[in-house]
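In what follows, a structure is listed as structure tokens, so that the remarks can point back to it.
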Amino acid sequence: LAERVGKAGLLAMAFLAVSPYHVLFSQEARSYALLFLEAAVVLNLLWDLREEGQRWKWAALAVAVASMMYTHYMAAFFLVAAGVMAIVWSRGRPGFRKGALLALAGSIALFVPWMKTAYQHTVLIQKGFWIPFPTAQIVGYSLSQLAVSPVPFGEPRHYAWAGAMWLLAIAAPWIAREKRLAVWLLPLLLPIAGEWLVSFSRPLFYTRTFMYVLIPLFVLVAIAIQRLPAWGRAAAAFAVFAAMVPGLIASKANRYKEDWRGCSQLAKRAGPGEAVVIHPWFLQRNVEYYW
């Protein structure tokens, strides 16, 4: 099992290296790529702490959890999933449970200075937001974007490729005959479901904010593939790469990428330390205000 999981990890890394969605947004100076990195750190620390509860790793986990909340509030759904994973892994391990609780307390203490600002942001969001309600079509489109291509598409084969990847990931614990792997379905599905449910109150379903689900998606897909016969492993791995490469090529040629260096700054109505930024490709609607 250890050897199979090790090979699956390498395969998952290879999938991530050519993932169109990950590659595209990892090149932007925004919070999404940082959120992705922090999610990977949290999962890695939790996995390591299952075997050895070193104090510095618990401290690092507290910092990583607080950092996720500072980076983006939608990280809360991922952290709930990580918390449930910790509860599952703490069974019969009092030291793990104690360390997890101390790490949680530490992360809350680190986030306390920002809570007032977080509350103010929450109030502003309640007054109005531009994200539409996530219909079934929007959810399906978003999941397909994550899996195979961030560039607008609509051909049936794109949905077929993406659907096959999601089904393979969800079925991985049973394909691998390791039901304990089902815990990895939590960080895969809970953030998506959480944002969808919250959207009934205030639409906040935004694919970029749960981009980190690509981590468990590729891990589970790779584990499922490693369980197949030798000829099946090669064919399935090739199919996953073949599904993503066209989207990778298209995203590199897509003009949607914002030209930050070519933007213009208008300070006529801005106060001290403020600026209005206009993106060249979106002069008709994408005027963003920064402070």
Exercise. Just the number, please: Stokes-Einstein D of the stretch 1-62 in µm²/s, Kirkwood Rh from C-alpha pairs, 37 °C, 0.692 mPa s.
Key: 243
Practice problem: Please give the peptides 110-118, 241-249 ranked by average Cβ packing (other Cβ atoms within 10 Å per residue), highest first, as a rough proxy for protection. | Solution: 241-249, 110-118
Exercise. Work out how much length VAL63 to GLU274 would gain on full extension: take 0.36 nm times their residue separation and subtract the Cα-Cα distance, in nm to one decimal.
Key: 73.0 nm
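Write down Rg/Rh for the stretch 117-222, rounded to two decimals, with Rg from the C-alpha atoms and Rh from the Kirkwood relation over Cα pairs. Intermediate values should be presented prior to the final figure.
Values: Rg = 15.6 Å, Rh = 15.1 Å.
Looking at the stretch 117-222, the ratio lands at 1.03.
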Self-check item: Separation of the PHE238 and LYS116 label points, Cα + 7 Å toward Cβ, nm
Solution: 6.2
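Note the full-extension length gain between SER26 and TRP130 as 0.36 nm times their separation in residues minus their Cα-Cα distance, in nm to one decimal. Could you put the intermediate results ahead of the total?
Numbers: separation 104, 0.36 × 104 = 37.44 nm, distance 2.36 nm.
Using 0.36 nm per residue and subtracting the Cα-Cα distance, I get 35.1 nm.
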Practice problem: Note down the relative contact order for the stretch 110-261 as a percent, whole number, built from C-alpha pairs under 8 angstrom at least six residues apart. | Solution: 31
Self-check item: Separation in nanometres of the label points that stand 7 Å from Cα toward Cβ, at LYS7 and ARG93
Solution: 2.6
Quiz item: Once both labels are modelled 7 Å past Cα along the beta-carbon direction, what's the ILE108-TRP47 spacing in nm?
Solution: 2.9
Practice problem: Using only Cα positions of the stretch 18-139, each an equal point scatterer, no hydration layer, compute I(q)/I(0) via Debye at q = 0.12 Å⁻¹ and quote the log10 values to two decimals. | Solution: -0.55
Quiz item: Between the stretch 13-64 and the stretch 172-190, what is the C-alpha centre distance in whole Å?
Solution: 19
Exercise. Can you tell me the FRET efficiency between ILE249 and LEU34 if r is taken as the Cβ-Cβ distance and R0 is 22 Å, rounded to the nearest 0.05?
Key: 0.30
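Computed from the coordinates by the stated procedures, all read-outs in this text should not be read as laboratory data. The structure displayed is predicted, hence computed values, not measured ones. Note that each Cβ is placed from the backbone with ideal geometry, even for glycine, and that neighbours are counted across all protein chains shown.
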